[in-house]
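Structure record follows, encoded as structure tokens.
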Amino acid sequence: MRFIESQKEVIHTLRNPSQHSATDRKRAYMFLFVYILGSIAFCGNLFHFISGWIAATVVQVVMTILIMIYAFNINDYSDKSMSSMECERACNPLLDAYIALRGIQLFQALMMRSYVCIIAYAAMLALTIYRVKKGKLYVDAVNLWREVSQYEKEGFFFIAMDVVLIIMLMIVMVFSIINRYGDK
């Protein structure tokens, strides 16, 4: 439900940018980028087999960048170079975009018909949603000072998982292309 509410704000900000702050506009443009990336990923699967794999790689790299920005914002707070409110306003929209891209990624794996990717992406989506439900990922400005090390560990854990997914995606992509075009 939080995601739907934040998308209403994003659409309002995109329609009336002059009525919103610079931070809100940046957040809205980031979500616009996520929407465009999702449509590129969808269209990549429709054009050609290899372009679908390239689009999947691009989506995974962008997700890794998003979670790295999240972790670095938490790290900036722990270094006292960012206030807790700034950290909350910077991190939570990144996490919303990250979860939205996880859903796009699962749909993309279904379209590529890669069982390894479907299982890996479904597991990561389930893990991400589980961690969000447990209250381990969304930054709360009031309690951030107490739990900053926990948020840092979660961010670095998700960076490691995304790097593993990039490596797995490359290996699966090579074997999938060989399987599709080899011996013809």
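The values are calculated or read from the model by the stated rules, or taken from the named source; none is laboratory data. Only a predicted model underlies this, so the values are computations on that prediction, with no experimental measurement involved. Quick reminder, even Gly has a Cβ in these numbers, built from the backbone with ideal geometry, and neighbours come from all protein chains shown. Ligands, DNA and RNA are excluded from the accessible area calculation, which covers all protein heavy atoms including side chains. Shrake-Rupley method; radii C 1.70, N 1.55, O 1.52, S 1.80 Å.
Treating segment 32-81 as a set of equal point scatterers at the Cα positions, no solvent, please give the Debye-formula log₁₀ I(q)/I(0) at q = 0.17, 0.24 Å⁻¹.
For the requested q values the scattering log ratios are -0.57, -0.82.
Which value in nm describes the separation of the simple spin-label points at K80 and F175, placed 7 Å from the Cα toward the beta carbon?
Spacing of the two 7 Å Cα→Cβ label points: 5.1 nm.
Nearest 10 degrees is fine. How inclined is helix 144-181 to the longest principal axis of the chain, computing both from alpha carbons?
It works out to around 10 degrees.
Just the number, please: carbon plus sulfur as a percent of the accessible area of segment 1-182, 1.4 Å probe, no ligands or DNA/RNA counted. Write down the numbers at each step before the final one.
Details: 6700 of 9840 Å².
That fraction is 68 percent.
Over the chain, what portion of Cα pair distances is larger than 29 Å, expressed as a whole percent?
26
Alpha carbon centre of segment 22-101 versus segment 110-178: separation in Å?
13
Using a basic spin-label model with each label point 7 Å from the Cα along Cα→Cβ, how many nm lie between M168 and I54?
If labels sit at M168 and I54, their model points lie 2.5 nm apart.
Using only helices, what value at 222 nm comes out for the chain when you add -39,500 (n - 2.57) per DSSP H run of length 4 or more and divide by the total residues, to the nearest 500 deg cm²/dmol?
Helices in the chain give a 222 nm mean residue ellipticity of -30000 deg cm²/dmol.
Could you state the angle between the C-alpha long axis of helix 115-133 and the longest principal axis of the C-alpha atoms of the chain, as a value from 0 to 90 degrees rounded to the nearest 10?
For helix 115-133, the angle is close to 10 degrees.
For segment 1-90, what is the accessible area per residue in Å² when the probe is 1.4 Å?
Result: 57 Å² per residue.
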